[in-house]
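S.K.: Mind having a look at this structure? Questions to follow.
Any read-out appearing in this document is the output of simple, stated calculations on the displayed coordinates, not a laboratory observation. Just so it is clear, the structure is predicted and the values come from calculations on it, not from any experiment. Cβ placement follows ideal geometry from the backbone for every residue including glycine, while neighbour counts extend to all protein chains displayed.
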Amino acid sequence: MTLTKRIIPCLDVANGRVVKGLHFSSIKDAGDPVLLAEKYSKEGADELIFLDITASQEHRETIKTLVSKVAKVIDIPFTVGGGVKTLQHARDILLSGADKVAINTGAVKNPEVITELMELFGKQCVVVAIDAKRNYNLEKGKNTYSEGDKKFWFEVFIYGGKKGTGLDAVDWAKNVEKLGAGEILLTSIDMDGTKDGYDTLLTKEIVNKVSIPVIASGGCGKPEHMVDIFKMSDVDAALAASIFHYETHSVNRVKEFLKKGGIPVRL
Amino acid sequence: MVKVAIFDYGAGNIFSLKTSLEKNDAEVDVITSFDKANNYSGLLLPGVGNFDPAIKSIRDYSKTDFADYVSDKKPVLGICLGMEMFFEKSEEGKEKGLGVIDGEVVLLPHEMKIPHMGWNNLNIKKQSKIVEGVKDGSWVYFVHSYRVKPKNTDLIVADSDYGITVPAIIEYGNFFGTQFHPEKSGKIGSIMIRNFLRECKK
């Protein structure tokens, strides 16, 4: 046996509460991130990721409290991200009990924060989140791909997918690895929310260009999609939110499905 | 209640380790030097930070020597970097290691994905107090870029397959080391934490 593929439920948190459609009968308060973290952990999740979608200054204290509460109840690794811009903010999160911190906009605006964090805490704590989207306006110097007769490049977006940066996602991924990132959380904006499956092309391209672990995110609508992305790329982990938010797809069942599909998972 | 100390190098999350020890009924103090009262039944060197600064914080900032503090009786659990420091030297830094165990620490081969991050199996090679109740093949959580190479390979209690063989658990007298993170390895990790605390009680 060798290293297993990781299955990572993602919890979007606003003002210290889990948001997005949740349908749990077994949990009285589905919005409580601590209860959900415990539930996922017990079901066999390999890691958890919390993304603070409010991410404003006022919520920093809320997040710190949340992180230490979660750290007390689970004994698997977890990452916290969303609006992390400064070294101090990242430090707060890590010292409150998170194992890794994910930075996105903060890393694009101020890439040296990646190196500073790596030097202080080690690269295993530093996850760079990259949100990428196809841009059909071809530019010189970008890595160009085609699907059918359409040609495009992958552009990095920041501020929760709202603002393009002009950065080529493949080059940016190579760059963050050099700067000291220990892992990449790769979200396809094109596939996110579609439930049509992960972005195979984007994932393959990035995974083949870096030698740090990559987490695929965006587009997972059913367990088959996880089998597909693990078979079609050498990606290390798959993140999903909505499929775990219904009890028909508990983490455990998803992993059993993956095992039947020939994917090495921890069961 | 058994009382143990976690040595804090000053740069990392030791919260999870502390929580894990407390959940298993230990009283835990976080210490930053070996100069204060030594009334602990065991010492833990956590697995966060970098080799050189961590070694310096252990070696240079206390009047009391690490070897004197620990003697040959106090159980010590080194996790990840904490275990790597037991050795003579590491490719991660320039400083000398603690030199408790003969051998060195080397970077994982470049053709592998580094860090080795995630859940991998333990191949238990021999019995040890630390793996009592742990089944061969159990899953534990790794996150590391270096691996240890003890001169005496008999010290290796368990290893793990990452394309190359990674020593996962080391035992040498009162020194126990894990390359993975027991505090992040669910129930299996908790068993090993309890086994270590049981040694501390003796």
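S.K.: Tell me, what is the percent relative contact order of the stretch A:6-260, built from C-alpha pairs under 8 Å that lie six or more residues apart? Don't skip to the answer; put the middle values down first.
M.R.: Details: 526 pairs, mean separation 42.7, N = 255.
Relative contact order here is 17 percent.
S.K.: Now, a different point. For chain A, what D do you get in µm² per second when you plug the Kirkwood radius from alpha-carbon pairs into Stokes-Einstein at 4 °C and 1.567 mPa s?
M.R.: The estimated diffusion coefficient comes to 70 µm²/s.
S.K.: Would you work out the Kirkwood radius for chain B? I mean one over the mean of 1/r across all pairs of different Cα atoms, in Å. Spell out each step's value before the answer.
M.R.: Details: mean 1/r = 0.0600 Å⁻¹.
Roughly 16.7 Å, rounded to one decimal.
S.K.: Separate question: Under a 10 Å cutoff between Cα atoms, tell me which one of B:Ala11, B:Ala54, B:Ala158 has the largest fluctuation in the Gaussian network model of chain B.
M.R.: B:Ala11
S.K.: Place +1 on the Cβ of every Lys and Arg and -1 on the Cβ of every Asp and Glu in the stretch A:6-260, take the dipole about the Cα centre, and give the residue among A:Val80, A:Ile63, A:His245 whose Cα lies farthest towards its positive end.
M.R.: Among A:Val80, A:Ile63, A:His245, the one farthest towards the positive end of the dipole of the stretch A:6-260 is A:His245.
S.K.: I need the P(r) histogram for the protein assembly as shown: all alpha carbon pairs, bin width 20 Å from 0 out to the longest distance, whole percents.
M.R.: 25, 57, 17, 1
S.K.: Return the loop-located trypsin sites (Lys or Arg not before Pro) in the stretch B:1-77 (DSSP other than H, G, I, E, B) with at most 16 other Cβ atoms within 10 Å of their own Cβ; answer none if there are none.
M.R.: B:Lys36, B:Lys63, B:Lys73
S.K.: Explain nothing, just the number: relative contact order of the stretch B:14-91, from Cα pairs under 8 Å at least 6 residues apart, as a whole percent.
M.R.: In percent, rounded to a whole number, it is 36.
S.K.: Suppose every K and R has +1 on its Cβ and every D and E has -1 on its Cβ; what is the size of the dipole of the protein assembly as shown about the Cα centre, in Debye to the nearest 20? Present the calculation step by step, with values, prior to reporting the outcome.
M.R.: Working: 62 positive and 63 negative charges, 125 e Å.
With only Lys, Arg, Asp and Glu charged at Cβ, the dipole is about 600 debye.
S.K.: Any chance you could check the Cα centroid distance between the stretch B:65-125 and the stretch A:153-175 for me, in angstrom?
M.R.: What the calculation gives is 38 Å, centre to centre.
S.K.: Please sort by residue number the GluC sites (Glu not before Pro) in the stretch B:109-174 whose DSSP state is loop and whose Cβ has at most 11 other Cβ atoms within 10 Å.
M.R.: Sparse-neighbourhood loop GluC sites (Glu not before Pro): B:Glu111.
S.K.: At most 14 other C-beta atoms within 10 Å and a DSSP loop state: those are the exposed trypsin sites (Lys or Arg not before Pro) I care about. Give me the longest piece of chain A that has none.
M.R.: That would be A:29-139.
S.K.: Right, next: Name the residues whose placed amide hydrogens come within less than 5 Å of the amide hydrogen of B:Val2, ignoring near sequence neighbours (fewer than 5 apart) on the same chain.
M.R.: When sequence neighbours closer than 5 places are left aside, the close amide H contacts are B:Glu27.
S.K.: Of chain A, which part is the longest with no chymotrypsin sites (Phe, Trp or Tyr not before Pro) in a loop (DSSP not H, G, I, E, B) and with at most 16 other C-beta atoms within 10 angstrom?
M.R.: Of all site-free stretches, the longest is A:25-135.
S.K.: Share of antiparallel DSSP beta bridges in the stretch B:68-151, in percent to the nearest 5?
M.R.: Bridges in the stretch B:68-151 that DSSP calls antiparallel: roughly 85 percent.
S.K.: Which one of B:Pro53, B:Pro109, B:Pro75 has the biggest mean-square fluctuation once chain B is modelled by GNM with Cα springs under 10 Å?
M.R.: Ranking B:Pro53, B:Pro109, B:Pro75 by mean-square fluctuation puts B:Pro109 first.
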